[in-house]
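S.K.: Handing you a structure now.
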Amino acid sequence: MGNKLLSVLIFIAMSLAAGCSIINPESSQAIEVYTLSPISSVTGISAENKADNAVVLALSPLRSSRALMSSDIIYRDSQYGYNSYAYSRWNDSPAKLVEIVLQQALSQNHSISVVIPRDLSPADLSLETTLLDFSHHIQNSDTSMGRVALRVYLIDSQTKAILASEEFSAQVLAAPRNAQGATVALNQASNLVVDELDIWLERTISNFLEK
């Protein structure tokens, strides 16, 4: 009888312990969420300060690889290897975040009257963009870079002719060499790329309008 009672007590104790672990599970590591923020010295260009012949620009959704269409923060530690940080995420996909930053920047361009989605209404020109890279490149045990690369095509909406195309890229040192350092570097690299694209686009549009 004693052994049987002891077995019952052990079973009850184990059941209570299991119940406690279900009610109060061990907390997992919190997910850190990051975003892409535009940094611009331009506070805004009013409609009165736009060029008289400013164009309506249609911005197509950014195309990209499947890896850059998720919210993962991607790091590369070899020529072909892609991995993602387990406890860090973007608040949206890199393709969508870059698209938003690009739209905000181009809306302030002197040569563009308004930036609209591709299928919203007729536009003078359209911009097709492919996000080629948006990742943390780990080069060695001490050095890593946040790299952003875009390929753009400026298209005449009437003739569908490609007026110009260009590739833009920038990389910024990531410190510390982790997800937080990567997101800061990718923010800075994104703004460098967008600024270069903005300057190129204004020059290209001006040449188009002079013809």
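The values are calculated or read from the model by the stated rules, or taken from the named source; none is laboratory data. Since this is a predicted model, take the numbers as computed values, not measurements. For accessibility, only protein heavy atoms count, side chains too; no ligands or nucleic acids. Shrake-Rupley method; radii C 1.70, N 1.55, O 1.52, S 1.80 Å.
S.K.: How big is D for the stretch 29-167, in µm² s⁻¹ as a whole number, if Stokes-Einstein is applied with the Kirkwood radius of its Cα pairs at 20 °C and 1.002 mPa s?
M.R.: Answer, rounded: 127 µm²/s.
S.K.: Per residue, how large is the accessible surface of the stretch 167-211? Use a 1.4 angstrom probe and give square angstrom.
M.R.: I get 50 Å² per residue for this part.
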